[in-house]
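Report on the following structure.
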Amino acid sequence: PSAKPWIAVVDAGEPFDPMARLLAAEGIPTFRSADRALRAFGRYAAVRAGRTGP
């Protein structure tokens, strides 16, 4: 395991569903769109920096 946070974006369509499931099963937050991944990571970074709110 890495001390750094990991996220994965798998937005290449249905042929890559097995890869997305494997990543998620390994505990890696996996998103199907880059926009959703960036929003989630932004929230994570804000909490880590001690900020709250939108």
Item to check | Residue check for V10: surrounded by 13 or more Cβ atoms within 10 Å (Cβ to Cβ) and on the phi < 0 side of the Ramachandran plot | outcome: yes
Next on the checklist: From the list R32, R36, R43, exactly one residue is touching a helix residue (DSSP H, G or I) at 6+ places or on another chain (Cβ under 8 Å) and at pLDDT 90 or above. Which is it?
Outcome noted: R32
Item to check | Of the criteria (1) touching a residue at least 12 places away in the same chain (Cβ under 8 Å); (2) surrounded by 13 or more Cβ atoms within 10 Å (Cβ to Cβ), which one S33 fails | outcome: (2)
Checklist outcome for this item: Residues in the range 13-54 that are within 15 Å of the chain's Cα centre (by Cα), part of a loop (DSSP other than H, G, I, E, B) and of a type in the set (A, V, I, L, M) total 1
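The values are calculated or read from the model by the stated rules, or taken from the named source; none is laboratory data. Since we're looking at a predicted model, the values are computed, not measured. With ideal geometry, Cβ positions are generated from the backbone for all residues, glycine too; neighbour counts draw on all protein chains shown.
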